[in-house]
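Values quoted throughout were computed directly from the atomic coordinates according to the rules given, and no laboratory measurement underlies them. Remember, it's a predicted structure, so these values are computed and weren't measured experimentally. All Cβ positions, even for glycine, are placed from backbone atoms using ideal geometry, and neighbour counts span all protein chains on display.
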Amino acid sequence: MGTIAVGETIEVLAFIISLATLIILYGIVRRTKEDIRQGFLSMLAALIFFIIFEILKITYVFSNTPLLSLLTLLFILFLLFGMWKIRTVIISLSEFGQIFVLTSEKTHDKKLVSLIKNVRGICYLTLEKPCTIIENTLKENNIDTSDIYFIDGTGEKCKKENCTHIKNDPEEIKKALTRVLKEKKFRCVIIDNINAVKKIEDYQLPEFIQDIASLIKSNETQGFFIGKSEKLKQETINDISMLVDKVIG
């Protein structure tokens with residue numbers, strides 16, 4: 001009898017924990033981006049099947065019937081699918097995540113070097129400092145720039161094979177990135193820096209970054225958006241932070 005009582009207690013505890021987890025998962029689903037929501041919804045469905053299963057066991061409505069076996073199978077299948085879906089999204093974010101790098105005038109070069117060091121296959125869009133200055137900064141820190149492709153939107157004419165010159169204009173930036181990403185395979189794209197984009201208002205900057213991030217991610221490439229805190233409003237920083245996968249700084 002003691003063993004049965006302990007077993008029933010465990011069943012009740014499992015039921016209570018399942019209900020609490022159901023509420024938590026529902027809250028997560030409501031606040032999660034669309035691409036990861038399917039995973040959580042699948043796990044939510046698995047939990048619902050488990051709760052129904054526990055209710056039937058606790059109330060002795062059914063005992064060792066095909067229905068219980070079916071609920072158990074559905075629980076396992078939905079749980080596995082949900083975990084697989086979430087794992088896939090996490091891997092995608094780690095490889096192709098879009099990152100907002102918040103720097104300052106003093107920390108910019110140091111943070112830039114830490115991003116680029118030991119990374120090959122970089123497309124570097126510079127909008128403030130000409131690519132020759134960026135190249136010199138990197139070389140001074142013993143970084144090989146031969147594998148970096150520059151898109152220079154500062155107004156300086158590019159005279160190298162690994163560089164192209166564009167106007168500092170939102171549409172020109174999109175066109176240049178679209179063309180370059182189709183022509184070559186890059187490991188990451190660096191936009192330096194976002195507060196130097198011309199012909200755009202502060203409130204339009206988050207939407208512009210969202211468009212560029214989608215373009216970069218669609219080409220299975222990681223994106224780094226560098227911005228200087230002194231030149232960005234806090235509201236803009238908050239809006240951009242909500243649109244990217246990760247914030248550094």
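Quick one: length gained pulling Gln204 to Leu77 fully straight, 0.36 nm per residue minus the C-alpha distance? The partial results should precede the final answer.
Details: separation 127, 0.36 × 127 = 45.72 nm, distance 4.38 nm.
This chain segment gains 41.3 nm when fully extended.
Rounding to the nearest 20 debye, state how big the charge dipole of region 97-248 is about its Cα centre with +1 on each Lys and Arg Cβ and -1 on each Asp and Glu Cβ.
Working: 25 positive and 24 negative charges, 87 e Å.
So the magnitude is around 420 debye.
Using a Förster distance of 22 Å, how high is the FRET efficiency between Lys110 and Ser229, based on the Cβ-Cβ distance and rounded to 0.05? Please report the intermediate quantities before stating the final value.
Values: r = 14 Å, r/R0 = 0.65.
That pair, Lys110 with Ser229, gives E of 0.95.
Starting from 0.36 nm per residue, how many nanometres of slack lie between Ile52 and Glu220 once their C-alpha separation is accounted for?
On the way: separation 168, 0.36 × 168 = 60.48 nm, distance 4.11 nm.
Roughly 56.4 nm would be gained on extension.
Cut-off under 24 Å on the C-alpha distance; same-chain residues fewer than 8 positions from Lys175 excluded. Which lysines are left, in chain and number order?
Straight-line reach from Lys175, under 24 Å: Lys129, Lys157, Lys159, Lys160, Lys167, Lys184, Lys185, Lys198, Lys199, Lys217.
Is the shape of region 97-248 best called rounded, prolate or oblate, per the rule: a/c under 1.5 gives rounded, else a/b larger than b/c gives prolate, else oblate, with a ≥ b ≥ c the square roots of the Cα gyration tensor eigenvalues?
Working: a/c = 1.38, a/b = 1.23, b/c = 1.12.
Verdict is rounded for region 97-248.
Once you have the Cα-Cα distance between Glu171 and Glu156, take 0.36 nm times their residue separation minus that, and quote the gain in nm to one decimal.
Working: separation 15, 0.36 × 15 = 5.40 nm, distance 1.86 nm.
Result: 3.5 nm gained on full extension.
Quick one: which residues, 5 or more positions from Cys158 or on another chain, have an amide H under 5 Å from its amide H? H modelled 1.01 Å from N in the peptide plane, none for Pro or chain starts.
For Cys158, whose amide H was placed from the backbone, the distant partners under 5 Å are His165.
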